[in-house]
Amino acid sequence: LPSRSGPQTVFVALCAASTLFGAVKGSYFVALEAIFGDSTPQARRTSFYVYKQMSATAGLSVGPLIAVACFALSHDTWTRPELVSVIVAGAAIAVAQGVVCLFFRDVPRPPRERPADGPAARLLDQGSVSDGTASGRQRLLDQGS
């Protein structure tokens, strides 16, 4: 923002940036959570979600501590160079996190071990019960083995 902007302009810009951030996050977050759930064994899914939430909480705690350390090392000034150093440190951590994610591999599971819940599974289960035929999901499982 130009140096002549007033507090109202800065506030509106921060609100607009937060709205944009929320819209972008909302566009991929649901799919990301679904992929995470489908990629974990059903028996251990709860523990993986707990680990994921603990990691997120730790990150939200450590992030401000890193910012405090950066400001302490720069003599607690709030000029543009100090703010840039904090943003660059945060971006470097995000890059490191992205590099670690490149090493994850999703191991395919046999069809009988795949998650058996969710809307798609319920639709597949709607086979004809009255005439004794197998459900859609069972037919797919039988074809895969």
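Quick one: what are the phi-derived ³J(HN,Hα) couplings along the stretch 12-23, Karplus 6.51/-1.76/1.60 with θ = phi - 60°, whole Hz, x for glycine and proline?
Once θ is set to phi - 60°, the couplings for the stretch 12-23 become 5, 5, 5, 5, 5, 5, 5, 5, 4, 4, x, 5 Hz.
Which length gain, in nm to one decimal place, applies between Gln8 and Ala31 when the Cα-Cα distance is subtracted from 0.36 nm times their residue separation?
Numbers: separation 23, 0.36 × 23 = 8.28 nm, distance 3.59 nm.
Length gained between Gln8 and Ala31: 4.7 nm.
Full-extension gain between Ser39 and Ala91, please, as 0.36 nm times their residue separation minus the C-alpha to C-alpha distance.
Details: separation 52, 0.36 × 52 = 18.72 nm, distance 2.73 nm.
Difference between extended and current length: 16.0 nm.
Write down the Kirkwood hydrodynamic radius of the stretch 32-90, to one decimal in angstroms, obtained as one divided by the mean of 1/r over all alpha carbon pairs. Please report the intermediate quantities before stating the final value.
Numbers: mean 1/r = 0.0723 Å⁻¹.
When all Cα pairs of the stretch 32-90 are included, the Kirkwood radius is 13.8 Å.
When the chain is fully extended, how far beyond the present Cα-Cα distance does Ala69 get from Met54, taking 0.36 nm per residue of separation?
Numbers: separation 15, 0.36 × 15 = 5.40 nm, distance 2.25 nm.
Once the chain is fully extended between Ala69 and Met54, it gains 3.1 nm.
Considering only DSSP states other than H, G, I, E and B, which chymotrypsin sites (Phe, Trp or Tyr not before Pro) in the stretch 26-80 qualify as loop sites with at most 11 other Cβ atoms within 10 Å? Let's see the in-between values first.
Numbers: sites: Tyr28, Phe29, Phe36, Phe48, Tyr49, Tyr51, Phe71, Trp78; in loops: Trp78.
Listed in order of number, the matching sites are Trp78.
We did not get these values from a lab; they are worked out from the coordinates using the rules stated. Because the structure is a prediction, the values reported are computed rather than measured. Don't worry about glycine lacking a Cβ; one is built from the backbone with ideal geometry, like all the others, and counts go over all protein chains shown.
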